[in-house]
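Here the structure comes first, spelled out in structure tokens, and everything after it is commentary.
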Amino acid sequence: MSPSRVAAFVAALPKVELHLHLIGSASLDTALALARRHPDGGVPTEREALRQYYAFTDFPHFLRVYERVNRLVTTAADVVTLLDGLAAELAARTVRYAEVQVTPVRNRMAGIGYAALAGALTEGRALARERHGVELGWVFDADALLGPDGAEETVDFAVGHRPEGTVGIGLGGPETGIHRADFAPAFRRARAAGLHSLPHAGETVGPDEVWAAVNELCAERVGHGIGAARDPRLLEHLAEHRIPLEVSPTSNLRTGAVRAIEEHPLPVLHAAGVPVTLATDDPGMFHTDLNAEYQLCHEVFGMTVPELAEIARTGARAAFCEPDLRDRILAEIDQVEGAAATNAG
Ligand code: HPA
Ligand code: ZN
């Protein structure tokens, strides 16, 4: 199939996006507007300078920039603005459902009270549905830098406020010198309250942290998880237990988690039978979108149209959305794939 035909197929393909962060989803224009409102925030207020600011030297540098941008989001209205912009972007990429990572403790530190945050999420979710036709779910992620206490506070928010659409508990931030296992008590409490376990693990480190996410945090999906590629036994475990990895190739390239896109282990994960879903992580900061990630899989890893359709199905099956919505997305994927096959033949 010609490159333009694949691009048209990807654009029409109904998709879910299971790993993206609220703050990192802000478009360049939205981030600029926030930076200009807080000129002392240390974030560039000119377009080209902001673009340059998003050229990350390594993963810790990315986390520092992310934290600075997080501090610009200071009101409930900002959160609604971010969600409105995000939903518009998702709709433009034929994304029907997204699980958005929100870091309530960081939002609280930036000045947004918990009740106001919960209200903004509810308002933004309704807006996403009504204005853009996109359904949103929430993953409340703890920042590992804030330690187990921060994770407990995250669970307090998720369980205490539980805004509509709450799906699970997550864990982001650095992995070097901070272990997933330290967060087991908070994850246990979240799971007991009916929340799904959706931590990042194995983004910048090897398989040990992915094992810890699976064994200690009872992860039902793993954010990134690319470190698993170095351990055949772990790959077998993920494949056998159908634990999906939320893979974000462009993110991994931009943060330096992989040296070159050709070295990205996605093909290894896929070939081992591990369920793989595609995600953007922080599309505004990494200059990407979900269609671009699918396109990349075709161009760099040689994935075919049926394989891309299967990745979209894996995403729909791994999503914690309403079963009706999942069935509708799966039926739409069949339809779009069928039409592409007819056109190609
Ligand atoms: N990993 C860890 N923390 C993050 C990420 C990520 O990919 N994105 C935003 N915060
Ligand atoms: Zn992430």
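The values are calculated or read from the model by the stated rules, or taken from the named source; none is laboratory data. These numbers were taken from a predicted model, which means no experiment stands behind them. Using ideal geometry, Cβ is built from the backbone for each residue, glycine included, and neighbour counts are taken over all protein chains shown. The accessibility values were calculated without ligands, DNA or RNA, using every heavy atom of the protein model including side chains. Shrake-Rupley method; radii C 1.70, N 1.55, O 1.52, S 1.80 Å.
At the listed q of 0.19 Å⁻¹, the Debye profile of segment 101-163, built from one uniform point per Cα, gives log10 I(q)/I(0) equal to -0.69. Charge tally for residue 40 (other residues, Cβ to Cβ under 14 Å; Lys, Arg +1; Asp, Glu -1): +4.
Nearest 5 is fine: what % of DSSP beta bridges in the chain come out antiparallel, could you say?
So the antiparallel bridges in the chain amount to around 0 percent.
Would you work out if segment 190-345 is rounded, prolate or oblate? Take a ≥ b ≥ c from the square roots of the eigenvalues of the alpha-carbon gyration tensor; rounded if a/c is under 1.5, else prolate when a/b is larger than b/c, oblate otherwise. Note, shape of segment 190-345 comes out oblate. Per atom type, segment 201-248 shows carbon and sulfur on 45% of its accessible surface, probed at 1.4 Å.
Could you work out what % of the accessible surface of segment 113-171 is carbon and sulfur, using a 1.4 angstrom probe and leaving DNA, RNA and ligands out of the count? After summing per-atom areas, the C and S share lands at 50 percent. Farthest toward the positive end of the dipole of the chain, out of 95, 38, 155, is the Cα of 38, where the dipole comes from beta carbon charges about the Cα centre. Shape verdict for the chain, please, from the Cα gyration tensor: rounded (a/c under 1.5), prolate (a/b greater than b/c) or oblate. Rounded is the answer for the chain, as its axis ratio a/c remains below 1.5.
Counting only C-alpha contacts under 8 Å and six or more residues apart, can you give the relative contact order of segment 3-344 as a whole percent? List each step's numbers first, then the result.
Numbers: 632 pairs, mean separation 67.8, N = 342.
Relative contact order comes out at 20 percent.
A cut-off of 5 Å between modelled amide H atoms, ignoring neighbours fewer than 5 places along the same chain, links residue 18 with 99. Seen from residue 209, the other residues with C-beta closer than 12 Å to its C-beta sum to a net charge of -4, counting Lys and Arg as +1 and Asp and Glu as -1. Computed from phi, the 3J(HN,Hα) profile of segment 211-227 under the Karplus parametrisation 6.51, -1.76, 1.60 (θ = phi - 60°) reads 4, 5, 4, 6, 7, 8, 9, 6, 4, 9, 9, 10, x, 6, x, 5, x Hz, with x in place of Gly and Pro. The residues of the chain expose on average 39 square angstrom of accessible surface per residue, using a 1.4 Å probe on protein heavy atoms.
A Cβ-based charge dipole, computed about the Cα centre of segment 1-128 with Lys and Arg at +1 and Asp and Glu at -1, lands at about 140 debye. Projecting the Cα atoms of 267, 320, 279 onto the dipole axis of segment 207-345, where Lys and Arg carry +1 and Asp and Glu carry -1 at the beta carbon, places 267 farthest toward the positive end. A dipole drawn for the chain from +1 and -1 charges on Cβ atoms has a positive end, and of 107, 210, 301 the residue lying farthest that way is 107. Which whole-angstrom value gives the distance between the alpha carbon centres of segment 126-173 and segment 263-332? A separation of 22 Å, based on Cα centres. Each Lys and Arg Cβ is given +1 and each Asp and Glu Cβ -1; about its Cα centre, the chain then shows a dipole of about 360 debye.
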